[in-house]
Amino acid sequence: MSEERVSDPFPDALLAARLFASAPTMFRGLVLRGATPARDALLAALIADVSDRLSCRRMPGHIDDERLLGGIDIAASLAAGKPVETRGLLAEAEGGVLIVPMAERLEDAIAGRLAQALDDGRVGVILLDDAIEAEDAPPVSLLERSAFHCDLSTSREWAELTLPPSHRQVSEGVNEADMQALAAGAAALGVGSVRALIH
């Protein structure tokens, strides 16, 4: 009896990355699960593509509200004799992409701030999910807002690559027939969240 051949997830992840890179704030999020060479290659290509056109920032593993949202720089304010505001990471990444490493360990408060930024269309996020156990995952609030979920933990296909510019134009128009097809597809695949239709 021959073994059933399982297709590698890399080509689908590459397509998702191309779409996300074309309009990060529209698609809101890309989840890349699995710390593998395939994910590293895909992430490097994404960063190279996005950085040419948009701001791209990496979020530190342990970040506080002041660094994320901005605030008053006490030392600079005392020296200047007036309030001096600092820009937060979200402001620095405005209109572009924020890379979130170890997203499965993200604190709920920070996840809530990011979810609000996604709802406001301020940034798109790339969630790097390094979890090993199936039950470990990034916060649901961010997963629901992310258009693409790619598990590259079993991928063996990878190489240095670039994202071709032909995928940078994405139509925002969807007619009623398209919406019905998307709704039927989501129902058939067991996707219960209505956010699938938003994406």
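The values are calculated or read from the model by the stated rules, or taken from the named source; none is laboratory data. Model, not experiment: these values are computed from the prediction. For neighbour counting, all protein chains shown are included, and Cβ atoms are generated from backbone atoms with ideal geometry for every residue, glycine included. For the accessible areas, the whole protein counts, side chains as well, though only heavy atoms, and no ligand, DNA or RNA atoms are used. Shrake-Rupley method; radii C 1.70, N 1.55, O 1.52, S 1.80 Å.
Checking the stated criteria, LEU68 turns out not to satisfy the condition of being buried (at least 17 other Cβ atoms within 10 Å of the Cβ) and touching a residue at least 60 places away in the same chain (Cβ under 8 Å). Residues in the stretch 58-69 that are within 10 Å of GLY88 (Cβ to Cβ) and either hydrophobic (A, V, I, L, M, F, W, C) or in contact with a Leu (Cβ under 8 Å, 6 or more places away or on another chain) (or both): ILE63, ARG67, LEU68, LEU69. Close Cβ contacts (under 8 Å, 6 or more residues apart or on different chains) running from residues in the stretch 36-59 that are open to solvent by less than 20 Å² (accessible area, probe 1.4 Å) to residues that are of a type in the set (Phe, Trp, Tyr) comprise THR36/TRP158; ALA38/PHE10; ALA38/TRP158; ALA41/TRP158; LEU42/PHE10; LEU42/TRP158; LEU46/PHE20. Taking into account only those residues within the stretch 81-95 that are open to solvent by 90 Å² or more (accessible area, probe 1.4 Å) and in a strand (DSSP E or B), which is nearest to ASP119 (Cα to Cα)? Once the filter is applied, the top-ranked residue is ARG87. Applying the condition of being within 11 Å of PRO37 (Cβ to Cβ) and in contact with a Ser or Thr (Cβ under 8 Å, 6 or more places away or on another chain) to the stretch 144-158 and asking which residue is modelled with the highest pLDDT yields LEU152.
Here is a list: ARG28, ARG18. Which entry is basic (Lys, Arg), touching a strand residue (DSSP E or B) at 6+ places or on another chain (Cβ under 8 Å) and open to solvent by less than 70 Å² (accessible area, probe 1.4 Å)? Break it down into steps so the answer makes sense when it comes.
On the way: ARG18 fails: touching a strand residue (DSSP E or B) at 6+ places or on another chain (Cβ under 8 Å).
So the residue among ARG28, ARG18 that is basic (Lys, Arg), touching a strand residue (DSSP E or B) at 6+ places or on another chain (Cβ under 8 Å) and open to solvent by less than 70 Å² (accessible area, probe 1.4 Å) is ARG28.
Where strands (runs of 3 or more DSSP E) fall entirely within the stretch 22-80, those with at least 2 residues that are under 18 Å from PRO9 (Cα atoms) are at 29-33. So for the stretch 122-138 (the condition being under 19 Å from GLY70 (Cβ atoms), outside any strand (DSSP E or B) and either aliphatic (A, V, I, L, M) or in contact (Cβ under 8 Å) with a residue 40 or more places away in the chain (or both)), does at least one residue qualify? Yes, the stretch 122-138 contains a residue that is under 19 Å from GLY70 (Cβ atoms), outside any strand (DSSP E or B) and either aliphatic (A, V, I, L, M) or in contact (Cβ under 8 Å) with a residue 40 or more places away in the chain (or both). Return the residues of the stretch 102-117 that are in a loop (DSSP other than H, G, I, E, B) and surrounded by fewer than 16 Cβ atoms within 10 Å (Cβ to Cβ); say none if nothing qualifies. Within the stretch 102-117, GLU107 is the sole residue that qualifies. Between SER7, SER55, SER51, SER22, the distinction of being over 17 Å from the mean Cα position of the chain (by Cα), of a type in the set (Ser, Thr, Tyr) and at negative phi belongs to SER7 only. Take VAL125 and tell me if it is touching a Leu at 6+ places or on another chain (Cβ under 6 Å) and either more than 16 Å from GLU144 (Cα to Cα) or surrounded by 18 or more Cβ atoms within 10 Å (Cβ to Cβ) (or both). The answer is yes for VAL125.
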